[in-house]
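**Student:** First the structure, which I've put down as structure tokens, then a few questions once you've had a look.
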Amino acid sequence: MRDDDETWTFRPRSAAWITGGTWLVVAGFAGAAVAEGGARTLLTAVPFTAAAVLLTWLVAYRPHVRLDDEGVHVVNPFVTHHVPWTALIEIRTRFTCTFVTPGRSVEAFAAPGPGRHAATRAVSVDLRHVQAGAFDPARSVSIGEIGHSPSAVVATAARRRWERLVEDGALELGVADEVPVRREVHTAALAAVGALVALGAVLQLVG
């Protein structure tokens, strides 16, 4: 999904459906528990239900990859990595779209590969739109580059943006070792999930 001329964001199309479906299941279990146990169960069910809802959002909907002029921003369930273009040395797609720097490899939770079954069904026509930069010296290519898998979509968009910046002379080359990759842990969200679970456990004990 393109936000504007400067920013490109990818989130799996299934994210909203998975999140909404899981929330409905959680609500159904909570409703059944309350119907059976009454008001006392409602008090203990609320924290656990809220924790499940928040955790589902963190794992199923929040993960995405955003590209802008500064670099690649990989938002995973519990950690976000900010990878500057000048720190990037390679983009891999073996199992998931992975952004490689001299100091670390950042895997995008939102951009997995196509899976074994899709790979076995792949034919030569699936490679027509694979970028030249995706092939190794032996002219082989990772299954993650096949078709319209999330890993292929993200890797293609990132390579195009990266190559365009290089061609325009907008990047300083040869400094990847010196450029830090910023890492943010989603401590507030994790703390909220932990607190809700703890509250639910305490309410069960005192109830």
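The values are calculated or read from the model by the stated rules, or taken from the named source; none is laboratory data. The structure presented is a predicted model; accordingly, all values stated were derived computationally and were not measured. FYI the Cβ positions are ideal-geometry reconstructions off the backbone, even for glycines, and counts take in every protein chain you see. Just the protein is used for accessible areas: all its heavy atoms, side chains included, with ligands, DNA and RNA removed. Shrake-Rupley method; radii C 1.70, N 1.55, O 1.52, S 1.80 Å.
**Student:** For segment 79-112, name all the residues that are in a loop (DSSP other than H, G, I, E, B) and in contact with a Ser or Thr (Cβ under 9 Å, 6 or more places away or on another chain).
**Tutor:** Answer for segment 79-112, where residues must be in a loop (DSSP other than H, G, I, E, B) and in contact with a Ser or Thr (Cβ under 9 Å, 6 or more places away or on another chain): Leu88, Ile89, Thr93, Arg94, Phe95.
**Student:** Just to verify a result, which residue in segment 144-190, among those that are under 30 Å from Val46 (Cβ atoms), open to solvent by 60 Å² or more (accessible area, probe 1.4 Å) and not hydroxyl-bearing (Ser, Thr, Tyr), is farthest from the chain's Cα centre (by Cα)?
**Tutor:** Ala188
**Student:** Here is a follow-up. Among the residues of segment 66-91, count how many are more than 15 Å from Glu6 (Cβ to Cβ) and not hydroxyl-bearing (Ser, Thr, Tyr).
**Tutor:** Number satisfying all stated conditions: 15.
**Student:** Here's a follow-up. When the residues of segment 35-49 are filtered to those that are hydrophobic (A, V, I, L, M, F, W, C) and either over 15 Å from Gly194 (Cα atoms) or open to solvent by less than 40 Å² (accessible area, probe 1.4 Å) (or both), which remaining residue is nearest to the chain's Cα centre (by Cα)?
**Tutor:** Top of the filtered list is Ala45.
**Student:** Right, something else. When segment 191-207 is examined, which residues are found to be exposed (fewer than 15 other Cβ atoms within 10 Å of the Cβ) and aliphatic (A, V, I, L, M)?
**Tutor:** Matches in segment 191-207: Ala191, Ala195, Ala198, Ala201, Val202, Leu205, Val206.
**Student:** When you check Ala201 against the structure, is it at pLDDT 95 or above, among the hydrophobic types (A, V, I, L, M, F, W, C) and within 30 Å of Leu42 (Cβ to Cβ), yes or no?
**Tutor:** no
**Student:** So, in segment 71-90, how many residues would count as being over 16 Å from Glu184 (Cα atoms) and either at pLDDT below 95 or open to solvent by 60 Å² or more (accessible area, probe 1.4 Å) (or both)?
**Tutor:** Qualifying residue count, segment 71-90: 2.
**Student:** So which pairs qualify, if the first residue must be in segment 1-20 and at pLDDT 90 or above, the second must be of a type in the set (Val, Ile, Thr), the Cβ gap must be under 7 Å, and the two must be at least 6 apart or on different chains?
**Tutor:** Within 7 Å, the pairs are Phe10/Val65; Phe10/Val153; Phe10/Val154; Thr19/Thr56.
**Student:** Something else now. Looking only at segment 38-57, decide whether some residue is under 19 Å from Ala157 (Cβ atoms) and not in a helix (DSSP H, G or I).
**Tutor:** no
**Student:** Moving to a separate point now. Any idea which of Val75, Val65, Val59, Val79 is without any contact (Cβ under 8 Å) to a residue 40 or more places away in the chain, in contact with a strand residue (DSSP E or B) (Cβ under 8 Å, 6 or more places away or on another chain) and within 14 Å of Phe109 (Cα to Cα)?
**Tutor:** Residue meeting the stated conditions: Val75.
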